[in-house]
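Every read-out reported here was derived from the displayed coordinates using simple, explicitly stated rules and does not represent laboratory data. Please read all numbers here as calculations on a predicted model, not as lab measurements. Every residue, glycine as well, gets a Cβ built from its backbone with ideal geometry; the counts of neighbours run over all protein chains shown.
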Amino acid sequence: MSAWIGLLIALVVIATAGWVFRFAGQTVTGNKPYFRDMSYGVAFGFALGVALLAWLVWSYYRSWAIPAGQPNPYFFLRIAIHGFILFAIAAFLFRLIGRYVGTGTSRKLFRSMPLTASFGILIVLVYALLAIFAPMLAPYGQEQVFAQANVVPGGDPTLGGNPDFPLGTDQIGRDILSRLIYGARNTVGIAFVTTIIAFLLGGTLGFLAATLGGWVDQVVGRTVDALMAIPALIFALLLITVASAWVQGSGLTVAMIFIMAVIDSTRVFRLARAVGVNIVVMDYIEAAKLRGEGLGYLIFREILPNATAPLLAEFGLRFCFVFLTISSLSFLGVGIQPPLADWGTMVRDMAPFINYAQFAPQIAAAPLLAAGAIALLTVAVNFVVDWMLHKSSGLKE
Amino acid sequence: MHPVLKIVIQRLLLGLLTLLAVSIIIFVAVNSLPGDFAQAILGQSATPEAVAAIRRDLGLDQPAVTRYFQWLGDMLTGNLGISFAQANFASFVGTSAESGSGPVTVAQQIAPRFENTMFLAGVTAVIAVPMSLTLGILAALFRNSVFDRTANIASLSAVSSPEFFLAYILILFLAVLHPILPSLSNIYEGMPFGERLYRTLLPALTLTLVVTAQMMRMTRAAIINLLASPYIEMARLKGISPMRVIVKHALPNALAPIINVIALNLAYLITGVVVVEVVFVYPGIGQLFVDSVKNRDIPVVQACCLIFAGAYILLNLMADVLSILSNPRLRHPK
């Protein structure tokens, strides 16, 4: 109850501060138009922002003031603040480098880029490198089991850590850092492959439907409509149940890839058909048809090159969606199967550790790292896609 | 007939057709399983005679089309079958009849959980819809300000994070570090409303985070789209305050896309509910669904799937119909 009263008092204080701020501004500047026309909402917003900033600074100070070994409720806030500042600096430097290094076009691109987009590109690059060079970067193998289980992340022996395992080990003694790095390869790689299959399938069908029209278009179109009426995650769960009757273990992972690819190809089909239909009526298609070109030529040499831009933007969003769905499936225990290291499964396995956060924040960090790895990538891709869409739509306001 | 009514009826029929198609897909998927219900109950060591007997009892020896219509009829009358977890050999042969109550049917299993899930979705909607509308209007009002950019980045991050990440972050801060709300939503029947609400709040907040972001962004975009129109310019020139311009003049015209997005996001809740219920051990239909998927409990899986798909189609239909109804040009044709 006292928390609510505290909140109420804080709100009243902020509301008063906003009024005082505006009044002070008006008096001090002699009624400059900026302060004279300021609505109370804006003044309140400023006060609220200052209060939030002050709270963050105070929490940050508190997180250092509490001696090590004692319960530290500000530990995660500190990490978040550090992470935010670090990522902002990294994104800024990356953009700065991009502005002076590279070809003319890429430099121009970096010049007009918001910080969020450069952050997104940086993260995607880092993930790609991690996924490609996982075996070289990871200190241990993803299935390697060590004698020491439940080593606390942080590598501080006084808190139950071990410098050999900087992020600790899980319940059966596998190195979490190695599994996180291999997770980049498995989770991202599988999502990537799934998206590509979905695009091949959906794109081909979509262009075929657009070019052929008639009953092909109707049959495929109506089937896709029916398939899309079932939410993706629900449909995937149903099909995985069916598939699990035939295959087990890593076979189920492969089955899941194809199930997700088929489900997602319906969404790709929609877009490919819509784009294709607009292209098919163009004069150059007519000319190609009159030349007597075959269906394959029409689709791959005439339609595809003209449909690349919208398909690429869709690829980013589709990848995010597939990646999130596969992670959710793994989190639910029916996605990527062990022994492959995978972020969703890691979150599920280590989730109970979160309950120790009050006494030993380092322990609780492990599951959040895996979940954060998923979130970071999708946020990054979304930032990039958002910027691309904003750029191509030419929205100014 | 009024043209709007005609369109609405058309959409309703189309929805019904979609539902029928979905039921066929689910039926085909489930029936492509190797073996069948009889074998699943009796296990590997069953004699062919026993399997045949149960097949005959359940009508599994009928052709697929006949079985489909029987199954559809059963579904429509609320007879969702008996879950594998509950069914056993004895209950089918009838030897356990004297032990009293029969096996728990799927319908009995699902009914209370369905209510719980609806409660969760309802609480989420009550928090999320007003909040996202307010935030969206504020973002449109203070567009390109610090507030707008912060809200944009925060909502984009929330929209693209997996549900379980948001859920664990909320658990970490609101349940573990600052024990304000319970991290486990153990809800039982006959719980007082306040207590129930209190335990539902954390999963509801997680879902709110997921859907609010999308709705807020769309509200903002829909309003900003209109701000360049001449009649908004006129309202501004009259000297109306910016807030009033947006709420009185822009919002009514932006309502159709906003309603559409709200309904679509409520449909999205259906998928989100599955993961969130598992995280918070909330006794809803999503958790039952995931458990049944793991146990390969086919009758429950297909019933849940049908319910989810039905709700999804219904909400999409609602979005469609509402956006037609909120369009004055369609309501008052010349």
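Brief remarks on what is shown
- Globularity index of the protein assembly as shown, i.e. its alpha-carbon radius of gyration over 2.2 N^0.38 Å: 1.05
- A:259, A:196, A:303 arranged by Cβ crowding within 10 Å, fewest neighbours leading: A:196, A:259, A:303
- From least to most packed, judged by other beta carbons within 10 angstrom and beginning with the fewest, B:74, B:291, B:320 follow the order B:74, B:291, B:320.
- Global form of the range A:339-386, assessed from the alpha-carbon gyration tensor, a/c cut-off 1.5: oblate
- Estimated vicinal HN-Hα couplings, Hz - the range A:293-303 in sequence order (Karplus 6.51, -1.76, 1.60; Gly, Pro = x): 6, x, 4, x, 4, 4, 6, 8, 9, 10, 7
- When B:168, A:297 are arranged by Cβ crowding within 10 Å, least crowded first, meaning fewest neighbours, the order is A:297, B:168.
- Ordering A:119, A:340, A:101 by Cα displacement along the dipole of chain A toward the positive end leaves A:101 in first place; charges were set at the Cβ atoms of Lys, Arg (+1) and Asp, Glu (-1).
- Cα-centred dipole magnitude for chain B, charges only on beta-carbon of K, R (+1) and D, E (-1), debye, nearest 20: 1840 debye
- Debye intensity ratio I(q)/I(0), log10, chain A, q values 0.08, 0.12, 0.15 Å⁻¹ (C-alpha model): -0.63, -1.14, -1.36
- Derived scalar couplings ³J(HN,Hα) [the range A:192-197; Karplus, 6.51 cos²θ - 1.76 cosθ + 1.60; whole Hz; x for Gly, Pro]: 5, 4, 4, 5, 5, 4
- For the range A:176-392, the residue among A:327, A:211, A:239 whose Cα projects farthest onto the positive side of the dipole built from Cβ charges is A:327.
- Between A:206, A:168, A:18, the Gaussian network model of chain A with springs among Cα atoms under 10 angstrom shows the greatest mean-square fluctuation at A:18.
- R0 of 30 Å, Cβ-Cβ distance residue B:195-residue B:134: FRET efficiency to nearest 0.05: 0.60
- Selected from B:237, B:64, A:129, residue furthest toward positive end of dipole (the protein assembly as shown; charges at beta carbon): B:237
- Nearest-0.05 FRET efficiency for residue B:126 and residue A:87, computed from C-beta distance (R0 35 Å): 0.50
- For chain A, the mean residue ellipticity at 222 nm estimated from helices alone is -23500 deg cm²/dmol, where every DSSP H run of n ≥ 4 contributes -39500 (n - 2.57) and the total is divided by all residues, rounded to the nearest 500.
- The calculated FRET efficiency for residue A:9 paired with residue A:277, based on their beta-carbon distance and R0 = 60 Å, is about 0.50.
- Length, then width, then depth: along the principal axes, the Cα atoms of the range B:237-288 run 58, 19, 11 Å.
- Calculated diffusion of the range B:121-283, Stokes-Einstein form, Kirkwood radius summed over Cα pairs, 20 °C and 1.002 mPa s, µm²/s: 125 µm²/s
- Magnitude of the charge dipole, the protein assembly as shown, Cβ model with Lys/Arg +1 and Asp/Glu -1, debye to 20: 2900 debye
- Point-charge dipole on Cβ atoms (K/R +1, D/E -1) for the range A:176-392, about Cα centre, debye to 20: 160 debye
- Cα gyration tensor category, rounded, prolate or oblate, for the range A:1-136 with a/c compared to 1.5: oblate
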